[in-house]
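Have a look at the structure below before the remarks.
Just so it is clear, none of the values below were taken in a lab; they were calculated from the coordinates. If you're wondering where the values come from, they're calculated on a predicted model, not measured in any experiment. Ideal geometry is used to build each Cβ from the backbone, glycine not excepted, and the neighbour counts take in all protein chains shown.
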Amino acid sequence: MQIIFRQAKAGECVVTAEAGDNLMHVALANDIAGIPGDCGGQCACGTCHVYINADWVERIGSVMPGSTEEAMIFGAPVDARPNSRLACQISLTPMCDGLIVEIPEEQ
Amino acid sequence: MEQALEDIGVLDVSQPQIYRDDSWRPLFARLRTEHPVYYCPESRSGPYWSISRYADIVRVDTDPLSFSSSHLHGGVTIEDRVAVSFMQMDAPMHTEKRKNVTAVVAPKSLAQMESMIRQRAGRVLDALPRNEDFDWVQNVSIELTSMMLATLFAYPIEQRQKLVHWSNVLTADLDDPESPIRTEAERQSGLQEFYLTMMELWQQRQKEEQSYDIISLLAHDEGVRSSSFDEICALFGLFLVGGNDTTRNSMSGGAWGFSEFPDQWRKLKADPKLAGNAAAEIIRYQTPVIYQRRTATREVELGSKTIAAGDKVVMWYISGNRDESVFEDADTLRVDRPNARQHTAFGMGPHRCLGARLAEMQLRILWEEVLARNLDIEILGPPTYAFSNLVRSPTSLRARIRG
Ligand code: HEM
Ligand code: FES
């Protein structure tokens, strides 16, 4: 399947991924700038913050109110938005083919 | 448990002496292999659990429901303290209050600070003597971080030594023979001046247009404005120490690290793009904040031990960063270490350091400016360290610049 990463400065980057892959690891493996993922995917650093494209929010799901993921998103210096998610908390399923992920300017 | 204790005697890694002597490495190596979750039955601050392995530290730090930071339980230092910044709070209050101040280190604010930081770093380096001994801690680390602190607080730059003094008072260990204060009461009265000064600035800044410095951002934030006097003071204190000691100590730790591993300096010189990763690695190597404490809110099984509700649980970040199962050759500084960023020095989980990017930026800029000037720095001997189990703070590091 294909995942599309978009960033204001760097532009668009289309990469290939497999069902079951973790979105943060997909970004890292493809050298996508702007997703440092400092904690290695443990929902413990908040540096894999991404915005899910509006067309995909429903399918991917919003962050759970009161969850650790939500606390990490609110606590990070990057702007929290209704479509904010931590990439490391998203496991790709076959229906994610074509997913568009927007990357914050810097984190 | 009894048996284990007899075997090893009491392994009390909370003794400030072992950080002053820099003799902590073998003690933690032993804890990690033999007693990763260790109950220390007695110490100057009473009994506490030592968590020394990387994975267990992450486990505790990311489970705030079982392991509380709340000041109601005594906060985040081994001896109970009653400071009330959001560092000593749990969700949902913590989330709310922390959100109020994230603008201080938002990418936009950092971008605005970068050129000023670079300029000041350059000026400090240019003013260093040549072919003459000097103290790297005093002339570089303290000089630079106090300038940055003044920038961050929009405080008069010529009075920056005051900020350094207040920060020292705030972090002083009362048992330290060289401590500027002797009692908790002296600490509080010493800090009064700081709080009043900042409060005055804060009130003044409310009337001015918002700018990117901390006081201004806090002055214009509704959530902060409606907080209690004590809470606002605690916030000032949090940023004072956060923005000062830790970064200062990494600047000294980096200089010492490069002198211990000159090949790493050559590697960085050959590929200056490594400066960002080198900054993260220096922070891992130094680990300026030695530990954070939590209090168990319920009975928890960890590493086949049972931690009881109410027990103090200490996450030794300094040990997590030496865990060989995560960091190969952990005692070696490696500027191109692939997983350097995964260090525990900023903590993990909802309380993870808010100033992480700012700290990394300051360090990266310092070393970039040293490289840009092609300074030939010679470190003349190992640093001396402060008597503290909380901050790993070099107090002097003799250096000379050839040329
Ligand atoms: C190398 C430099 C630094 C190190 C090693 C460091 C380390 C830490 C650590 C270990 C924590 C606690 C994490 C936890 O409990 O999980 C923390 C929290 C914090 N740091 Fe830093 N810090 C550094 C620089 C800074 C700077 C420059 C600032 C100022 C902007 C700052 C502001 C804070 C704040 C506000 C918190 C409280 C976060 C919370 O409780 O939610 N730090 N830092
Ligand atoms: S990688 Fe750290 S929270 Fe996702």
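Odds and ends about this structure:
- Here each label is just a point 7 Å from Cα along the line to Cβ, and for B:Q138 and B:D80 those points are 4.1 nm apart.
- For chain B, the average shadow cast by the Cα convex hull is 18.9 nm², which is a quarter of the hull's surface.
- Equivalent ellipsoid semi-axes, the protein assembly as shown, via Cα gyration tensor eigenvalues times 5, rooted, Å: 32, 29, 26
- Reduced Cα scattering model of the range A:2-103, Debye log10 I(q)/I(0), q = 0.23 Å⁻¹: -1.36
- Sites listed here are GluC sites (Glu not before Pro) in the range B:158-221 whose DSSP assignment is loop and whose Cβ has at most 13 other Cβ atoms within 10 Å: B:E178, B:E208, B:E209.
- Where only DSSP H runs of four or more residues are counted, chain B gives -14000 deg cm²/dmol as its mean residue ellipticity at 222 nm, each run worth -39500 (n - 2.57).
- B:D133, B:D323, A:D38 arranged by Cβ crowding within 10 Å, fewest neighbours leading: B:D133, B:D323, A:D38
- B:R398/A:E58 FRET efficiency (R0 51 Å; Cβ-Cβ; nearest 0.05): 0.25
- Prolate/oblate/rounded label for the range B:254-403 (Cα gyration tensor, a/c 1.5): prolate
- When the range A:1-55 is reduced to its Cα atoms, the Kirkwood hydrodynamic radius in Å: 11.9
- Here's the picture: a label point sits 7 Å out from the Cα of B:R298 along the beta-carbon direction, and within the range B:74-115 the residues with their amide nitrogen under 18 Å of it are B:90-92.
- Cα-Cα over 25 Å, subset of B:K162/B:K273; B:K162/B:K312; B:K99/B:K273; A:K9/B:K97; B:K108/B:K273: B:K162/B:K273; B:K162/B:K312; B:K99/B:K273; A:K9/B:K97
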